[in-house]
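These notes are about the structure you will find just below.
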Amino acid sequence: MPLPDQNSGDVTMQTLWQDLRFAVRMLRKSRGFTIVAVVTLALGIGANAVVFSALNGLILRPLNVPHADSLYLAERGGDKELGHSYPDYLDLRDRNRSFDGLAAYDIDQAGLDTGKNPTRAWVYEVTGNYFDVLGIQPYLGRFVHPSDEQGPNSTPYIVLTYEYWHTHFQDDRGVVGRVVQLNKHPFTIIGVTPPGFRGSVLIFSADLFVPIVNQDDWASRLDDRANHWIGSVVGHLKTGVTLAQATDDLNSIGAELEKNYPKEDGQMTFTLSREGLPGAVFGRAIQAFLSGLMLLAALILLAACANLGSLFAARAADCSREVALRLALGAGRARILRQLFTEAVLVSLAGGAVGIWGSVVLLQWLSVWQPFPQYPIHMPVTPDANVYGVALLLSLASGLLFGTVPVKQVLRSDPYQIIKSGSMGAVRHGFTARDLLLGVQVAICAVLVTSSIVAVRGLARSLHSNFAFNPRHALLVDTDLNMAGYGGDALPAMQKRMLDTMKGIPGVTSAGLVNIPPLQAACCSESNVFDDKAVDLRPSNVAVSAITFSISPEYLQAAETPLLAGRNLTWQDDKNAPPVALVNRLFAKSMFGATSGGLGRYFKMDKGKRIQVVGIVEDGKYSLNLTEELRPAIFLPLQQSPSTETWLVVRSGGNPQQLTAAIRAKLRDLDSGLPAFIQTWTHAMDGALFPSRMAALSLGMLGVMGAMLAATGIFGMAAYSVSKRLRELGIRMALGAQRKEVLQAALGRAFKLLAFGSAAGLFLGILAGRVLAFIVYQATPRDPLVLVGTALAMSLLGLVATWIPAQRALSIDPMILLREE
């Protein structure tokens, strides 16, 4: 009995080897077909691999901490804000019964001096139980623990991330116990985190961890219940506690806090979301965006399979006489189908390999991509075994899917009729399901082309929009004087010296100072504003919520922000002078009414401070979201509203980048321990323009893929049509048909599908442009260039796709066809 089994296995392997060799030989023989098929599938597999890798890294893959599935982030209020005050955190930590522990952290920057040139480092300010709650063990030394906290400024310790220790301290194990300067204060390095742990926010890579109780001269923030400065509160749910029970537990504590502290705490309801992305709102936005891209990528792969099915059907029609001869000579249909599937699987594996290679190259670039150089953004999109496994499954499934298309042709073919007529089956003149699928594919392509043109046009207009400031010919010098130990009366004095020094640089036309300029990632601080007659200053009685800036008197000139009425701020508006402010037009209208203008009127802020409006400026764009509605804004004098955050706006009459070296030299002369980041204001707006650019880039790439696949689909259909109608076209030409009539007969259906699909896609693209306007500032589908550009793109696509089939149809020699009969 073993012998027949062994012989049977040998025969099976020999047959499989023969099928593989024959498939390779046939594919090498049809190089053009093979290249088109592999590239088509590579696009579909590669697109799915890239999007799935991003979805896997940001959504599906758990955070690199123990028991990540039970780690949740507490968000406050109906808007799911991340801000908490330190006293509120202590109440939540000590009074809840649902978590094994609650830790808090905030992300900030600090000046680190190790004895060489001071550098700017990004810091997690953490509570003493942060590492205990997450369950992280040190790679070197030890971590901060609750027992270390003995009140404000009691824990001058630093924990380094492994990556920072590796790159800045060259893996020196003797670093533990070393004293360095952090914001001009001595701190002791006590440990190093394990490799791969950079904090509990996936996309942000910290350099250091420091205790949150060490706040320099800001220790008062630890006692201020109204100051919601702590970024996040996280913890592990206790075993057996549900999400709903934990939420109810926190809400009951919040209701008590609202009752006991009505002026400090606003809406104290809570929601819980998975830790890893900065907030549920941001996390849901990323998940929705990636899910949408995943759907589009899946549609692209299905379109690729449909196209390859058409190409395989056309190829089967071209090889119909060969197949018929093999059938007539006794070859089984199962053997022929097996060979067809072998070819399909080989093509799919080759396409999958090329697609994976391209996706790995792109993902490696994305993993080190720094869209904002001043922020340590980290994209955890490196492909892992899950990504490779999904790509392999998609490759095999795709091969089996498009390999089934010619099965019906082979099973129903009659060798005698094929040899007699020269093709598999009769020509169908009505529209088929395959035609409908191709029409939908052309429509999707037109939607993507239209949307990408809308996005690009919107992005171009955004670069030249009026934001109530002029970013061109201006530099932004970003620093924080807290990093160099400035505070109290030394703070405004240093800021004044910095401004005076900048003005003295040759080529500088003006220089101003603002705590955070508009359209930056950290912008903007919001303040509750009350009517001048208000007595009860609870959050429920707020008249206006306004974005608030602290500026020097020269800021308006340096930013080229128009002053519409009243006077500008002066250096006499200091802490000894009556509180004053500039407001934008929308604030004046919202607060005082459309007719009064607001000049000379008063309003109150959170702590009852009464402020007079002395000037009105133009409305502008302030927060990072360009597409949001205009917002009320207040501009306070820097000396009456001091801030260590310091952004110098330095304007030049020429190329501002030529001033960079001189600015660095002047800052070094002022204080060699003050790190600063310098960039053009135009480049600093990359964050605000990031959604527009990503939408334009993503839609552009998907549009190109859609166009390539639509062209392949039209080519496959046209080639199949010409192959099926060679005899008919030859007879038409023999009877004197004109070239135009031959093309109409051969390619008429393809052109009709292209025309109808393009029209439907253009209409849907115009509708999609309205949705796109929520992402891309200044995007509008009502643009003649959009219509003209889409029409030209789809016409060019049709011309490219039908060129080769048209040439084949016109090159038919009727005499050769008749001789074959």
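The values are calculated or read from the model by the stated rules, or taken from the named source; none is laboratory data. Keep in mind it's a predicted model, so treat the numbers as computed, not measured. Note: ideal-geometry Cβ built from the backbone for every residue, glycine included; neighbour counts use all protein chains shown. Side chains included, ligands, DNA and RNA excluded: accessible areas come from the protein's heavy atoms. Shrake-Rupley method; radii C 1.70, N 1.55, O 1.52, S 1.80 Å.
Picking from residues in segment 91-121 that are out of contact with any helix residue (DSSP H, G or I) (no Cβ under 9 Å at 6 or more places or on another chain) and modelled with pLDDT of 90 or more, the one that is surrounded by the fewest Cβ atoms within 10 Å (Cβ to Cβ) is D94. Annotation note: Cβ proximity below 9 Å between a residue of segment 658-672 that is under 16 Å from M483 (Cβ atoms) and a residue that is outside any helix (DSSP H, G or I) and among the hydroxyl-bearing types (S, T, Y) (sequence gap 6+ or interchain) occurs for L667/T479; D671/Y486. Examine segment 414-429 for a residue that is assigned to a helix (DSSP H, G or I), touching a helix residue (DSSP H, G or I) at 6+ places or on another chain (Cβ under 9 Å) and modelled with pLDDT of 55 or more, and state whether such a residue exists. No.
Table: residues versus (1) assigned to a helix (DSSP H, G or I); (2) modelled with pLDDT of 75 or more; (3) closer than 30 Å to A397 by Cα; (4) not small (G, A, S).
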residue: V281; (1), (2), (3), (4): yes, no, no, yes
residue: F289; (1), (2), (3), (4): yes, no, yes, yes
residue: L296; (1), (2), (3), (4): yes, no, yes, yes
residue: A303; (1), (2), (3), (4): yes, no, yes, no
residue: A317; (1), (2), (3), (4): yes, no, yes, no
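What are the residues in segment 133-174 that are under 32 Å from the mean Cα position of the chain (by Cα) and either acidic (D, E) or part of a helix (DSSP H, G or I) (or both), if any? Of everything in segment 133-174, those that are under 32 Å from the mean Cα position of the chain (by Cα) and either acidic (D, E) or part of a helix (DSSP H, G or I) (or both) turn out to be V133, L134, Y162, E163, Y164, W165, H166, T167, H168. Restricting attention to segment 184-198, which residues are open to solvent by less than 10 Å² (accessible area, probe 1.4 Å), assigned to a loop (DSSP other than H, G, I, E, B) and of a type outside the set (F, W, Y)? T193, the sole residue that qualifies.
Considering each of S220, S200 in turn, give the residue that is more than 23 Å from A68 (Cα to Cα) and either among the hydroxyl-bearing types (S, T, Y) or modelled with pLDDT of 90 or more (or both).
Values: S200 fails: more than 23 Å from A68 (Cα to Cα).
Result: S220 is the single residue among S220, S200 that is more than 23 Å from A68 (Cα to Cα) and either among the hydroxyl-bearing types (S, T, Y) or modelled with pLDDT of 90 or more (or both).
The set of residues in segment 142-160 that are under 15 Å from A110 (Cα atoms) and open to solvent by less than 50 Å² (accessible area, probe 1.4 Å) comprises P156, I158, V159, L160. Evaluate the following for L689: is it open to solvent by less than 20 Å² (accessible area, probe 1.4 Å), closer than 19 Å to L648 by Cβ and outside any loop (DSSP other than H, G, I, E, B)? So L689 does not fit the description; no.
Could you tell me which of the residues G598, G593 is open to solvent by less than 10 Å² (accessible area, probe 1.4 Å), out of contact with any Gly (no Cβ under 7 Å at 6 or more places or on another chain) and not aliphatic (A, V, I, L, M)? Quick ask: steps written out before the conclusion?
Values: G593 fails: open to solvent by less than 10 Å² (accessible area, probe 1.4 Å).
Residue meeting the stated conditions: G598.
Given T342, T382, which one is at pLDDT 70 or above and part of a helix (DSSP H, G or I)?
Working: T382 fails: part of a helix (DSSP H, G or I).
Criteria check complete, one pass: T342.
With respect to being over 28 Å from K259 (Cα atoms) and either among the hydroxyl-bearing types (S, T, Y) or surrounded by fewer than 17 Cβ atoms within 10 Å (Cβ to Cβ) (or both), A521 fits the description.
Hey, any hits in segment 174-183 for a residue that's at positive phi, at pLDDT below 90, of a type outside the set (K, R) and in contact with a helix residue (DSSP H, G or I) (Cβ under 9 Å, 6 or more places away or on another chain)? Step through it out loud before you land on a result.
Keep residues of segment 174-183 that are at positive phi, which gives 177, 183.
Now narrow it down to the ones that are at pLDDT below 90: 183.
Among the residues that remain, those that are also of a type outside the set (K, R) are: 183.
Going one step further and asking which of them are in contact with a helix residue (DSSP H, G or I) (Cβ under 9 Å, 6 or more places away or on another chain), we end up with 183.
The answer is yes; a qualifying residue exists.
Across segment 68-75, not a single residue is classified as open to solvent by less than 50 Å² (accessible area, probe 1.4 Å), under 30 Å from R120 (Cα atoms), modelled with pLDDT of 85 or more and in contact with a Lys or Arg (Cβ under 6 Å, 6 or more places away or on another chain). Among the residues making up segment 509-540, those that are within 19 Å of I611 (Cα to Cα), of a type in the set (A, V, I, L, M) and either assigned to a loop (DSSP other than H, G, I, E, B) or more than 37 Å from the chain's Cα centre (by Cα) (or both) are A534, V535, L537.
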